[in-house]
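Following: one structure in structure tokens, then a few remarks.
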Number of protein chains: 2
Amino acid sequence: MAAMKAHVWVMPKRTVLDPQGQAIQHALASLGFAEVRDVRQGKFFVLELNGATREAAEKQVERMAREILANPVIEEFRYEIVE
Amino acid sequence: MAAMKAHVWVMPKRTVLDPQGQAIQHALASLGFAEVRDVRQGKFFVLELNGATREAAEKQVERMAREILANPVIEEFRYEIVE
């Protein structure tokens with residue numbers, strides 16, 4: 001029974017507007033960071049899993065990301081098993 | 001004038017409660033993912049910067065993360081310059 005750690009990134013799809021990212025870009029520009037051309041904001045999850053093989057952990061994390069953590073209509077995700 | 005891309009991760013400090021992460025963990029458990037022992041949720045930013053050397057980009061991203069993207073009282077950050 002190994003403990004596994006996983007990282008999941010959830011980002012707005014490139015074809016979807018990211019108003020949060022745009023707001024941050026404008027805020028940065030008005031605060032003097034005019035070099036910033038584009039900002040996209042997403043979510044980052046660190047998951048700790050009990051008692052799984054690496055293969056089982058990958059399947060579970062993929063399912064959790066697809067079914068719960070990301071909204072597949074407007075978001076895309078990627079993940080990695082860390083340890 | 002090179003274009004640079006940077007990634008910034010902003011996470012709740014380990015000493016700070018993460019109610020959002022806890023809510024997700026409980027939701028996952030109730031949906032059958034009982035193996036998930038802990039969830040922490042943070043933010044992930046992809047920044048595109050105009051016309052900077054790698055060294056200048058690192059300094060700018062560090063300042064943006066410290067002063068704007070993260071709240072240093074309750075959050076910690078890390079970043080990388082990607083290209």
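Tabulated data for the structure shown
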| read-out | value |
| --- | --- |
| Boolean, B:Gly42 is in contact with a Gly (Cβ under 9 Å, 6 or more places away or on another chain) and either at the interface with chain A (Cβ under 10 Å from one of its Cβ atoms) or more than 30 Å from A:Ala52 (Cβ to Cβ) (or both) | yes |
| Given (1) at the interface with chain B (Cβ under 7 Å from one of its Cβ atoms); (2) in contact with a Lys or Arg (Cβ under 8 Å, 6 or more places away or on another chain), number of the condition A:Val36 does not satisfy | (2) |
| Total residues in the range B:45-56, condition facing another protein chain (nearest Cβ under 8 Å) and farther than 22 Å from A:Phe45 by Cα | 5 |
| Selection status of A:Ile74, more than 11 Å from chain B (Cβ to nearest Cβ) and open to solvent by less than 30 Å² (accessible area, probe 1.4 Å) | no |
| Which numbered condition B:Tyr79 fails, given (1) open to solvent by less than 30 Å² (accessible area, probe 1.4 Å); (2) farther than 19 Å from A:Met64 by Cα; (3) part of a strand (DSSP E or B) | (1) |
| Residues satisfying the stated conditions in the range B:10-65, i.e. assigned to a strand (DSSP E or B), more than 13 Å from the chain's Cα centre (by Cα), touching a residue at least 12 places away in the same chain (Cβ under 8 Å) and buried (at least 19 other Cβ atoms within 10 Å of the Cβ) | B:Val39, B:Leu49 |
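The values are calculated or read from the model by the stated rules, or taken from the named source; none is laboratory data. These numbers come from a predicted model, not from an experiment. Positions of Cβ are backbone-derived with ideal geometry, glycine not excepted, and every protein chain shown enters the neighbour counts. Remember, those area values only see protein heavy atoms, side chains included, never the ligands or the DNA or RNA. Shrake-Rupley method; radii C 1.70, N 1.55, O 1.52, S 1.80 Å.
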